[in-house]
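The values are calculated or read from the model by the stated rules, or taken from the named source; none is laboratory data. None of these values were measured; they are calculated from a predicted model. Neighbour counts are summed over all protein chains in view; Cβ atoms, including those assigned to glycine, are modelled from backbone coordinates with ideal geometry. Accessible surface is based on the protein model in full, side chains and every heavy atom, while ligands, DNA and RNA are left aside. Shrake-Rupley method; radii C 1.70, N 1.55, O 1.52, S 1.80 Å.
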Amino acid sequence: MYKIAFVTFGCKVNQYETECMKQLFREAGFAVAEKLLQADAVVINSCTVTASGDSRTLTALRKIRNAMPDAVIALTGCYPQANREEAEKIAEADIIAGTRERIGIVELVTECLGKKQRIVRLSDYSSNDCFEPLRCTRFDNNTRAFVKIQDGCDQFCSYCMIPFARGRCRSKSMDLLYDEVRAIAKEGVKEIVLSGINLAFFGKGEGVDLANAVELCANTRGIERVRLGSLEPEMMSGNLLRRLAAVPQFCPQFHLSLQSGCEKTLKAMNRKYTASEYLALTEHIRNIFPECSFTTDVMVGFPQETEEDHRESVAFVKMIGFAKVHVFRYSRRKGTRADQMNGQVPESVKSRRWQEMTAAADETREGYLRSLVGRTVPVLFERENSTEFHHGYAPDYTLVKISRKNPEKSLRNQIRSVIIEEYGHDCCIGSLVPERY
Ligand code: SF4
C-alpha cells in the first residue's frame, strides 16, 4: 500500500480541496502518511494570492525534493494554474497539475508511481466549466466542517489573481450538497461552514442562492449550526438577509471583505461597492441581527494610495467596529491591472501603514470583546487543548474559554450556555450557566 502526504497553502477552500483529495486517495487504497518523510508521494496544494504565497510554495517544494529524492511530488492548485510558464519549468516536481485536474490526481500519481515520469496537466478554464464534483465527508474528530459550494470569480478586482487561477463562477448542485452534509452529520459534526471563492454568488444563474444552501444544511438532522465563509458585500440583499434571519441555526458572523475604507482606493481596486454602501449594509445587517459580528480583510499600500487615503481607510475601519480585521500589504501580481499602475507604494511605507491599520484593528477588536461582557452565549466546545480551559466558539465566532474544573470531563462537541465575565486579547472568558434538568 502506497503512502500519500499533503502540504497545503492558502484559504479554507484550498484546505477543503486537500481533504477531498485525501479522501479520493483513501478510497483508492492509499494510506495517509502520519509523517511527511514516510510518504511515497506528496501532493502540494498551492496558493498564489500573494507573491510571498508563491515563494512559500516553491521553497517547500525544493525542501521536500531535497529531503525525499525518490518520492513522487505533485504540484497542484492555484500557483501552476495562474503561472503556467513558470510552473512548466519547475524540475523538482514530477507532476504539474492545475486547479482543473484535482479530480484526476489519484490517476496521475498512480501512473507516476508505476513508472517515474514527468506529467504536466494544465488546461484553461472556459465559460461553461461545471463545478468539479469533489466531496469530503470525513473530518477526523472535528466539530466543524468546511464545505465548498462555490468556485471561480467574475469580478476581476484589479489586484487579484484568483479569476485566472479559478475560472468563472460556478456552484455545487443542491443534490451533491445534500448528500455531503448528510454524510458529514452522520460523522457527528454539528457545524457546517459554507465556503467558496466568491461565496455570495452561489447559485448564480441556477435558480437557487445562499439562503437555499443554508436552509438545506439547517434542515439536515444533526446539524445545529450553519456559518458562512468570506462574503462580497455587493451580493448581500435585504431579501437574502431576512431569509437567513429566519434560520435558527444560522450563525450571525459576517466576514464582509472590505479591502479599503477609502472611496478612491475602492474605485482603483475595481471593487463593486462604495464605502458608504458598505457602511449602510453593516447598519442594515445590525438591524436584522443585533448580536452579529463583522470580520473582514483590509489591504494597505495599494498603488496611488496617499497618506490621506490611508487615514480615511483607518478611520473607516474604526467606525465599523469590526470583531476582527485581517490586514494585508498590497502584493504586486504579474498579469493584474494594478501591477501596471504607476504610483506603486514603497515597501517601507506599506510596513508603516500595516502597523497603523493593525493597531486600529486591535482597538476595534478589544472594543468588540469588551461589549460582550455580561452576555450569555451558546458555545460549541471543541477539543480540550489545555488542562486549564475548555474552549469553543460562540455563534458570532468569538473564542470563549471556561475553566476546567474536572480535567477528566470533556465538553467536546457540546453546545452549552456560557455567561461572559471578562475578555482577553483574543477571546472571552466565562462560566457555564448551570443546566436546569
Ligand atoms: S471578488 Fe475580487 S478579490 Fe475576491 S476573488 Fe474575485 S477578483 Fe479576487
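For segment 1-97, what is one quarter of the convex hull surface built on the Cα atoms, given in nm²?
Details: hull surface 23.2 nm².
Its average projected convex-hull area is 5.8 nm².
For residue 110 and residue 422, FRET efficiency with R0 = 41 Å and r from the beta-carbon atoms, rounded to 0.05?
Working: r = 55 Å, r/R0 = 1.33.
The computed FRET efficiency comes out at 0.15.
Heavy-atom accessible area of residue 417 with all protein chains present, probe 1.4 Å, nearest 10 Å²?
50 Å²
So which lysines can residue 204 reach, going by Cα to Cα under 26 Å and dropping same-chain residues fewer than 8 places off?
12, 148, 172, 267, 272
Could you tell me what percent of the accessible area of the chain is made up of carbon and sulfur, with a 1.4 Å probe and every protein chain present?
Working: 9790 of 19320 Å².
Carbon with sulfur: 51 percent of the solvent-accessible area.
What ³J(HN,Hα) values, in whole Hz, does the Karplus curve 6.51 cos²θ - 1.76 cosθ + 1.60 give for segment 85-96 when θ = phi - 60°, with x put for Gly and Pro?
Values per residue, Gly and Pro as x: 4, 4, 5, 5, 8, 6, 7, 5, 9, 7, 10, 10 Hz.
Report the extension gain between residue 173 and residue 34 in nm, rounded to one decimal, defined as 0.36 nm multiplied by the number of residues separating them, less their alpha carbon distance.
Values: separation 139, 0.36 × 139 = 50.04 nm, distance 3.36 nm.
Length gained, residue 173 through residue 34: 46.7 nm.
Where only protein heavy atoms count, and the probe is 1.4 Å, what is the accessible area per residue for the chain in Å²? Write out the running numbers ahead of the final one.
On the way: 19320 Å² over 437 residues.
Each residue of the chain exposes 44 Å² on average to a 1.4 Å probe.
Given a Förster distance of 25 Å, report the FRET efficiency between residue 297 and residue 388 from their Cβ-Cβ distance, rounded to the nearest 0.05. Please report the intermediate quantities before stating the final value.
Details: r = 32 Å, r/R0 = 1.28.
About 0.20, to the nearest 0.05.
Whole-Hz Karplus ³J(HN,Hα) for segment 258-273, in order, using 6.51 cos²θ - 1.76 cosθ + 1.60 and θ = phi - 60°, x for Gly and Pro?
Whole-Hz 3J(HN,Hα) from phi for segment 258-273: 9, 6, 7, x, 9, 4, 4, 5, 4, 5, 5, 7, 6, 6, 9, 8.
Provide the gained length on full extension for the span residue 283 to residue 123, in nm with one decimal, where the gain is 0.36 nm per separating residue minus the Cα-Cα distance.
On the way: separation 160, 0.36 × 160 = 57.60 nm, distance 4.36 nm.
Difference between extended and current length: 53.2 nm.
What FRET efficiency comes out for the pair residue 375/residue 408, r = Cβ-Cβ distance, R0 = 35 Å, nearest 0.05?
Working: r = 29 Å, r/R0 = 0.84.
Result of the calculation: an efficiency of 0.75.
Per-residue accessible area for residue 125 at 1.4 Å probe radius, Å² rounded to 10?
Near enough 50 Å² of accessible area.
Amide H neighbours of residue 100 under 5 Å, at least 5 residues apart or on other chains, H built in the peptide plane: list them.
Here 123 satisfy the definition.
Counting only residues 5 or more places away or on other chains, whose amide H sits under 5 Å from the amide H of residue 404 once H atoms are built in the peptide plane?
Residues meeting the amide H criterion: 389, 390.
What distance in nm separates the two pseudo spin-label positions at residue 246 and residue 349, each 7 Å out from Cα along the beta-carbon direction?
Each label point is offset 7 Å from its Cα along the Cβ direction, giving 5.1 nm.
Quick check: residue separation of residue 92 and residue 234 times 0.36 nm, minus the Cα distance between them. What number comes out in nm? Working shown, then result.
On the way: separation 142, 0.36 × 142 = 51.12 nm, distance 4.21 nm.
Gain on extension, residue 92 to residue 234, equals 46.9 nm.
I want to verify the translational diffusion coefficient of segment 126-195 in µm²/s; compute it with Stokes-Einstein, Rh as the Kirkwood radius over Cα pairs, at 25 °C and 0.890 mPa s. Let's see the in-between values first.
On the way: Rh = 13.4 Å.
For the chosen part, D equals 183 µm²/s.
Just how far, in whole angstrom, is segment 224-241 from segment 369-437 if you go by their alpha carbon centroids?
26 Å
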